[in-house]
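Structure, as structure tokens:
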Amino acid sequence: MSDPRWERLLTEMRAAHTLPELAGLCDFPREPIAQATAPHEIPASELLQVEEGLTTAHFTGFRDALIDAAPLAHWRETSKGTDIGGEFLDRFGCYEVLGEDAPYACDTMRCFIIYAPSDLYYPWHHHPAEELYLVLAGEAEFFIRGEPPKILRPGDTVFHESNVPHAMTTHDHPVLAYVLWRGDLETKPVWTNQEALQ
């Protein structure tokens, strides 16, 4: 049996998948299989657990479940070893909830949470997986190549097509988002060459 904090989070995720945007992207598995994961904390995990700016009127239960599960999570360091810089690595956070390296196994989709405190730039990147962001709390400005930037708040979604460069920045507010992947679930994101943005 998995930790009750994971089970609570799974219940919140399942409820969120009744939203048309999420339901239209992929089917939520009927009975995800719990699997063991080793906790791995990073500085952003600690920041999330004391964050006071993640306001939301829509997803308080989902937000709280994500924060409660933070000490159990295996926080990712996918940008470690790149030239992204220490400030980003110390402040940006991501952990997987459903997928390959997650407390619940799934081979048809992957689900992550993304946390960024205020005044943080998540640079242009791309990946083969199709991706949907659902903003749960706070707000951020989202960028997609060839489109005008958009400020997204709780309940807003943005879809990233396969290999289309995108970026995000927070301003006066932090952001907490639920992120879904479908398609190529194995290939990691890479930073986008600036020439590809022209």
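A short reminder: the numbers here are calculations on the coordinates, not readings from a lab. Computed from a predicted model, the values in this text were never measured in an experiment. Cβ atoms come from the backbone with ideal geometry, glycine included; neighbour counts cover every protein chain shown.
Calculate the dipole size of the chain relative to its Cα centre from +1 charges on Lys and Arg beta carbons and -1 charges on Asp and Glu beta carbons; express the result in debye to the nearest 20.
My answer is approximately 260 debye.
Around residue 35, which amide H atoms from residues at least 5 apart in sequence, or from another chain, sit under 5 Å from its own amide H, with H modelled in the peptide plane?
The answer is 104, 105.
Would you kindly derive the ³J(HN,Hα) couplings of segment 68-82 from the backbone phi angles with the Karplus curve 6.51 cos²θ - 1.76 cosθ + 1.60 (θ = phi - 60°), listing them in order in whole Hz, with x for Gly and Pro?
5, 7, 3, x, 8, 6, 9, 5, 7, 10, 5, 9, 5, x, 9
Among 109, 134, 79, pick out the residue whose Cα is farthest towards the positive end of the charge dipole of segment 39-161, where Lys and Arg carry +1 and Asp and Glu carry -1 on C-beta, about the Cα centre.
The residue sitting farthest along the positive end of the dipole is 134.
Comparing 114, 151, 42, which has the greatest mean-square fluctuation in the GNM of the chain with Cα pairs linked when under 10 Å apart?
151
Do any trypsin sites (Lys or Arg not before Pro) in segment 31-131 lie in a DSSP loop with no more than 12 other beta carbon atoms within 10 Å, and if so, which? Could you put the intermediate results ahead of the total?
Details: sites: 63, 76, 80, 91, 110; in loops: 76, 80.
In loop regions of segment 31-131 (DSSP not H, G, I, E or B), the sparsely surrounded trypsin sites (Lys or Arg not before Pro) are 80.
Just from its helices, what would the mean residue ellipticity at 222 nm be for the chain, if runs of 4 or more DSSP H residues each count -39500 (n - 2.57) and the sum is divided by every residue, rounded to the nearest 500 deg cm²/dmol? Walk me through the intermediate numbers first.
On the way: 5 runs with 43 residues, N = 198.
Value at 222 nm, helices only, nearest 500: -6000 deg cm²/dmol.
Using the Cα centre as the reference, give the magnitude of the dipole from point charges on the C-beta atoms of segment 31-84 (Lys, Arg: +1; Asp, Glu: -1; all else neutral), rounded to the nearest 20 debye.
Value, rounded to 20: 120 debye.
Measure off 7 Å from each Cα along the Cα-to-Cβ vector at residue 52 and residue 14, then give the distance between these two points in nanometres to one decimal.
Here the answer is 3.6 nm between the modelled labels.
Could you tell me the calculated FRET efficiency between residue 90 and residue 188, based on Cβ-Cβ distance and R0 = 22 angstrom, to the nearest 0.05?
Plugging the Cβ-Cβ distance into 1/(1 + (r/R0)^6) gives 0.60.
Through the Karplus equation 6.51 cos²θ - 1.76 cosθ + 1.60, θ set to phi - 60°, convert the phi angles of segment 154-162 into ³J(HN,Hα) values in whole Hz; use x for Gly and Pro.
Calculated HN-Hα couplings, in order: x, x, 7, 10, 9, 10, 10, 6, 4 Hz.
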